[in-house]
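K.L.:
Okay, handing you the structure first.
The values are calculated or read from the model by the stated rules, or taken from the named source; none is laboratory data. Computed from a prediction, not measured in an experiment: that's the story for all the values here. Reconstructed Cβ throughout: ideal geometry from the backbone, glycine too, with neighbour counts over all protein chains shown.
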Amino acid sequence: MPRAPGDYLNPREQQIMEIAFQRQRITAAELEELLPGRPSNSTVRTQLRILEQRGHLTHVEEDGRFVYAPATPRASAAMAALDGVLKTFFQGSVEQAFLTLLSRREAKLSPEELARLTQIIEDAKAEDASNG
């Protein structure tokens, strides 16, 4: 049974998808050359087939070879993945996810980033007030 595009990706699948998003079109042979650890051709083809079955990639046949491309734009894939993380780890709470991100030591926000986040929050408050 195919999985939803928001399903979690293992590290190798993430590498493949990152390359697919960067290039927009890729063959198994090209991936073989680009992936760290130089996986075998059969391994790469298996992973491509799995990612396609799960809805992350599509392919067309050109000159007797499969050319793969992301099934959805990066932003759509990111939203689907984030929705899965929110549901699985934060019971759907954007607030809890946001607080978790901000609590990380690595989460050093610049004054510009803080200003943008503040503006987003203010816009959300204004929208909520006008809808209520």
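K.L.:
Taking Gln22 as meeting all but one of (1) under 30 Å from Ile121 (Cβ atoms); (2) without any contact (Cβ under 8 Å) to a residue 40 or more places away in the chain, write down the number of the exception.
P.N.:
Status for Gln22: all satisfied but (1).
K.L.:
In addition: Which of the residues spanning the stretch 19-47 are under 16 Å from the mean Cα position of the chain (by Cα) and either surrounded by 13 or more Cβ atoms within 10 Å (Cβ to Cβ) or not in a helix (DSSP H, G or I) (or both)?
P.N.:
Across the stretch 19-47, the qualifying residues are Ile19, Ala20, Phe21, Arg23, Gln24.
K.L.:
For residues in the stretch 81-108 being part of a helix (DSSP H, G or I), among the hydroxyl-bearing types (Ser, Thr, Tyr) and under 19 Å from Ile121 (Cα atoms), which is farthest from the chain's Cα centre (by Cα)?
P.N.:
Across the stretch 81-108, the extreme among qualifying residues is Ser103.
Yes/no per residue for (1) of a type in the set (Phe, Trp, Tyr); (2) surrounded by 13 or more Cβ atoms within 10 Å (Cβ to Cβ); (3) within 30 Å of Glu32 (Cβ to Cβ); (4) assigned by TED's automatic domain parsing to the domain that holds Pro11:
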position	(1), (2), (3), (4)
Gly64	no, no, yes, yes
Arg74	no, yes, yes, yes
Ala80	no, yes, yes, yes
Ala97	no, yes, no, no
Thr100	no, yes, no, no
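K.L.:
Need pairs with beta-carbon distance below 9 Å; first residue farther than 18 Å from Gln24 by Cβ and within the stretch 50-65, second surrounded by fewer than 14 Cβ atoms within 10 Å (Cβ to Cβ); sequence gap 6+ or separate chains.
P.N.:
Between residues of the stretch 50-65 that are farther than 18 Å from Gln24 by Cβ and residues that are surrounded by fewer than 14 Cβ atoms within 10 Å (Cβ to Cβ), the close pairs are Gln53/Pro2; Gln53/Arg3; Arg54/Pro2; Arg54/Arg3; Arg54/Ala4.
K.L.:
Determine whether the stretch 33-42 contains at least one residue that is in the same structural domain as Leu9 (by TED's automatic domain parsing) and touching a strand residue (DSSP E or B) at 6+ places or on another chain (Cβ under 6 Å).
P.N.:
Scanning the stretch 33-42 turns up no residue that is in the same structural domain as Leu9 (by TED's automatic domain parsing) and touching a strand residue (DSSP E or B) at 6+ places or on another chain (Cβ under 6 Å).
K.L.:
Also, quick follow-up: Scan the stretch 95-132 for residues that are under 24 Å from Asp83 (Cβ atoms) and not aromatic (Phe, Trp, Tyr) and report the count.
P.N.:
24
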